[in-house]
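Written out below as structure tokens is the structure these notes cover.
The values are calculated or read from the model by the stated rules, or taken from the named source; none is laboratory data. This structure is a prediction, so every number in the text was calculated from the model and none was measured. Positions of Cβ are backbone-derived with ideal geometry, glycine not excepted, and every protein chain shown enters the neighbour counts.
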Amino acid sequence: MNSNLIHVDQEGYFRDTVTLPQMVVDDSTKSKFLNLMALEMCPGGVRRYHITSYICLLDNLIDHALDVRELRARGVLVNCLGSDQQVADLFNELATNRTPDLHAYVDIINGIHAHLKSRYKAHLATAYNTHFSTPWSMIATLAAALGLFFSAVQAWYSAKL
């Protein structure tokens, strides 16, 4: 893992960020993480489960190839493994039957849950992604709104006369 930190905008228009280290995913990633998680479980160890908890956090963020693509676009993952689906499958497999330290990433998890519970932000983000994904869609929506406004004003003045 690279020690450089990358800011990930959950919804860029609201500037809610989660900071994750950049990770190169390649053919050695699975064995490295399996060995690190096994080391955490050794008798006499600290038993803090930082690696296991991090893998479980990533598994919560990654279910499908689209999730990997989003993390790649944000600079969090560098995929040297193959397809994005292979990376998603890797993290889903690594986290299977793992028990994380529930306090390790509690602030991040609570922040994500609070953000997702905000209906206003969720609906606004959905509307923004659906209707304003390109500058032309914004211009077309504004033109339609202005057309409706001017039609209403014209109808009002016609009714007044």
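Things worth noting here:
- Close pairs (6 angstrom Cβ cut-off, 6 or more residues apart or separate chains): surrounded by 12 or more Cβ atoms within 10 Å (Cβ to Cβ) in the stretch 26-55, of a type in the set (S, T, N, Q) anywhere: Met37/Thr52; Glu40/Thr52
- Evaluated against (1) in contact with a His (Cβ under 9 Å, 6 or more places away or on another chain); (2) farther than 23 Å from Ser133 by Cβ; (3) at pLDDT below 95, Leu57 falls short on exactly one condition, (1).
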